[in-house]
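A quick write-up on the structure given underneath.
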Amino acid sequence: MKYAIETFDLTKVYGDFKAVDSLNMKIEKNSIFGFLGPNGAGKTTTIKMLTCLIPPSSGTARVAGYDILKNPDEVRQQIGMVPQKVSLYEDLTARENVEMCADFYGMPEDLKESRIEELMELVDIKYAADKPVGQMSGGQQQKVSLVASLIHQPDILFLDEPTIGLDPTTKRVLWDLIDELNSSGHTIILCSHDMYEVELLCDYVGIINQGVLAAFDTPQGLKDTVIKEEESLRAKEIGGILDRIDKETPESERRAIQEIKKSERICAGKEISMLIVNLTDDLLSELEALPVTLDVKKHHTGRIILELDETCETAVNDVLAAVIRNNARITSISTKDPSLEDVFMKVTGR
Ligand SMILES: Nc1ncnc2c1ncn2[C@@H]1O[C@H](COP(=O)(O)OP(=O)(O)OP(=O)(O)O)[C@@H](O)[C@H]1O
């Protein structure tokens, strides 16, 4: 089985509102998958269908090799779920809560106790095993929740905002733990609004928007798509401006530079990367000699990477003036790698 989860036109309709609309995705076994989307996009609804809490209106999915409609019991045996709001019995101790879960899955007594010990040690909560959950901190409760979700050794673990509200240290502990669980063979489905967390942990990312899967790729794949789109846009813009200038008149040259500078996506102070046609050694030396240039590198792809003095407002102008003076042309320009957050904003139009 290559995929931990496959969905086939998975759809959920409430009245005449489509909360999830013909979702088709494949999540590789043993990967960490980040499920992103704005509030109300359909993440929880999807997860509820995949964990057999609600039935789809149409379509279906295979989870751990089992169909959610035909084999819901088998699906439940293969999955663990850590919900956003910890759903443990506050009056019971951590151990009692986990024991209840183990009984729910019908675990034999001897196996149950040894597994509880092992998991509590793994998440480092053994010291509080006999404390009522209601007297525990948020981070401690999350750890107990994790132990409860792992007690029956599920293949796939669903985590809904597992680190929300946790302090940075506890967050890191949980991130390490998620990584460890993944290394020991669990597929992790992580719903999160924390882009740093997703970028740090996830092998693949899916972005759902208004019930529709709007993007699915590796984090770098998603960023590369944005880079390519932006670069072709910039190349077009800059190409158009350079086409219009009359190199004989300094006024026209000045206006062209101003026009390019106005493009808010190009700003001084950042590393800029350019593809230049007609790049001569003279131009390269001129770029290196500019007072605003801190560093110039020529990449093996032919791109020029310039680090500019961020305190100098005319930095970009000076570079462009040198390019124009040397009768060269910029065919593409970019400032920095977009973040996953940039991708999210672009894909969801927010
Ligand atoms: N039981 C329900 N009845 C009617 N509409 C519902 C029901 N459950 C969810 N919805 C609607 O479906 C849409 C998707 O909700 P869902 O909870 O899946 O979003 P989400 O992506 O998990 O959002 P968030 O990030 O805020 O948790 C929302 O517009 C929500 O109001």
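Does I164 satisfy the criteria of being open to solvent by less than 20 Å² (accessible area, probe 1.4 Å), of a type in the set (V, I, T) and at negative phi? In short, no.
Taking first residues from segment 54-72 that are farther than 13 Å from E6 by Cβ and partners that are open to solvent by less than 30 Å² (accessible area, probe 1.4 Å) and not in a strand (DSSP E or B), the Cβ contacts under 6 Å between residues at least 6 apart in sequence or on separate chains come to P56/M49; P72/C52. Before we move on, is T51 within 8 Å of the ligand (Cβ to nearest atom) and more than 18 Å from the chain's Cα centre (by Cα)? No, not satisfied.
Being surrounded by fewer than 22 Cβ atoms within 10 Å (Cβ to Cβ), at positive phi and more than 16 Å from the ligand (Cβ to nearest atom) is the requirement here; does Q140 meet it? Before the answer, list the steps.
Values: surrounded by fewer than 22 Cβ atoms within 10 Å (Cβ to Cβ): yes; at positive phi: no; more than 16 Å from the ligand (Cβ to nearest atom): yes.
Considered against the rule, which asks whether it is surrounded by fewer than 22 Cβ atoms within 10 Å (Cβ to Cβ), at positive phi and more than 16 Å from the ligand (Cβ to nearest atom), Q140 comes out as no.
Within segment 198-235, can you find the residues that are of a type in the set (G, A, S), outside any loop (DSSP other than H, G, I, E, B) and modelled with pLDDT of 90 or more? Reasoning before the result, please.
Narrowing segment 198-235 to residues of a type in the set (G, A, S): 206, 211, 214-215, 221, 232, 235.
After this cut, where a residue has to be outside any loop (DSSP other than H, G, I, E, B) as well, the list is 206, 214-215, 221, 232, 235.
Of everything in segment 198-235, those that are of a type in the set (G, A, S), outside any loop (DSSP other than H, G, I, E, B) and modelled with pLDDT of 90 or more turn out to be G206, A214, A215.
Would you call Y204 under 26 Å from I125 (Cα atoms) and away from the ligand (no atom under 16 Å from the Cβ)? In short, no.
Restricting attention to segment 180-197 and to residues that are of a type in the set (A, V, I, L, M, F, W, C) and touching a helix residue (DSSP H, G or I) at 6+ places or on another chain (Cβ under 6 Å), the residue that is surrounded by the most Cβ atoms within 10 Å (Cβ to Cβ) turns out to be I188.
Please pick out the residue among A41, A61 that is outside any loop (DSSP other than H, G, I, E, B) and either buried (at least 19 other Cβ atoms within 10 Å of the Cβ) or within 16 Å of the ligand (Cβ to nearest atom) (or both).
A61
Scanning segment 16-29 for residues that are modelled with pLDDT of 95 or more and not in a strand (DSSP E or B) yields N24, M25, K29.
Taking residues in segment 79-102 that are in the same structural domain as E113 (by the TED database), and partners anywhere that are open to solvent by 90 Å² or more (accessible area, probe 1.4 Å), the pairs with Cβ atoms closer than 7 Å and at least 6 places apart or on different chains are Q84/I164; T93/D130; R95/D130; N97/Y89. The requirement of being exposed (fewer than 13 other Cβ atoms within 10 Å of the Cβ) and at pLDDT 90 or above is fulfilled somewhere in segment 101-114, by at least one residue.
Hey, does segment 173-190 have a residue that's hydroxyl-bearing (S, T, Y) and within 14 Å of the ligand (Cβ to nearest atom)? Break it down stepwise before answering.
Within segment 173-190, the subset hydroxyl-bearing (S, T, Y) is 183-184, 187.
From the residues that got through so far, the ones that are within 14 Å of the ligand (Cβ to nearest atom) too are none.
No.
Scanning segment 65-100 for residues that are assigned to a loop (DSSP other than H, G, I, E, B) and open to solvent by less than 80 Å² (accessible area, probe 1.4 Å) yields a count of 7. Restricting the search to segment 1-38, which residues are of a type in the set (A, V, I, L, M), within 8 Å of the ligand (Cβ to nearest atom) and surrounded by fewer than 24 Cβ atoms within 10 Å (Cβ to Cβ)? Passing the criteria: only A19.
The values are calculated or read from the model by the stated rules, or taken from the named source; none is laboratory data. The structure displayed is predicted, hence computed values, not measured ones. Glycine also receives a Cβ, built like all others from the backbone with ideal geometry; neighbour counts cover every protein chain displayed. The protein model used for the area step is the full one, side chains on, heavy atoms only, and it has no ligands, DNA or RNA in it. Shrake-Rupley method; radii C 1.70, N 1.55, O 1.52, S 1.80 Å.
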